[in-house]
Amino acid sequence: MIFASLALAIQAAAAPPALTLDQNAAVRCAAAMALTAQAQVRGEPAATALPPLGERGREYFVRVSARLMDDLGLDRDQIASLFRQHAGELARSGEATGVARACMPLLDTAGL
C-alpha cells in the first residue's frame with residue numbers, strides 16, 4: 001500500500017503541468033522565436049525575412065517563463081522541459097519560422 005502511494009506520488013510529480021490554451025500558445029511562440037533567432041544568426045533566408053528576434057524574442061521568452069513560474073508555481077527545470085518539448089516538435093516539423101511569423105503580433109502586444 002505504501003509503495004503504491006509512493007509510485008503515484010512520483011508519477012504525479014513527473015507529470016507535465018496542464019497548461020491553458022493561452023499558456024501553451026505562449027510557450028510554443030517563445031520556442032519558435034528562439035529557434036528562428038538561431039536560424040537568423042545562421043543566415044537562413046526564411047528566418048532573415050522576419051524582423052530580428054534575438055533581443056525581442058529573448059525578452060518574450062523570459063516573460064513567458066516568469067508568468068508560468070508565477071501562475072503555475074513551476075521551477076526552472078519544469079519550464080526548460082516545456083520549452084524543449086515545444087522546440088523539439090517545431091524543429092522536427094520544420095515549422096519554427098512559420099510559427100514565429102504568426103506570433104509576431106504577440107511581441108507588439110507585449111510592448112516589445
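Here region 49-63 is the region considered, the condition is being of a type in the set (A, V, I, L, M) and under 16 Å from Ala102 (Cβ atoms), and the residue that is surrounded by the fewest Cβ atoms within 10 Å (Cβ to Cβ) is Ala49. Of a type in the set (Val, Ile, Thr) and touching a Leu at 6+ places or on another chain (Cβ under 8 Å) - does that describe any residue in region 45-59? Looking for residues that are of a type in the set (Val, Ile, Thr) and touching a Leu at 6+ places or on another chain (Cβ under 8 Å), one finds none in region 45-59, hence no.
Only one of the numbered conditions (1) of a type outside the set (D, E, K, R); (2) surrounded by 15 or more Cβ atoms within 10 Å (Cβ to Cβ); (3) under 20 Å from Gly111 (Cα atoms) is not met by His86, and that is (3). Restricting attention to region 60-106, the residues that are more than 13 Å from Val27 (Cα to Cα) and assigned to a helix (DSSP H, G or I) total 14. Scanning region 33-48 for residues that are free of Cβ contacts under 8 Å to residues at least 40 places away in the same chain, closer than 15 Å to Val99 by Cβ and either assigned to a loop (DSSP other than H, G, I, E, B) or touching a helix residue (DSSP H, G or I) at 6+ places or on another chain (Cβ under 7 Å) (or both) gives Ala37, Gln40.
A short reminder: the numbers here are calculations on the coordinates, not readings from a lab. As the structure is a prediction and not an experimental result, all values here were calculated from the model. Using ideal geometry, Cβ is built from the backbone for each residue, glycine included, and neighbour counts are taken over all protein chains shown.
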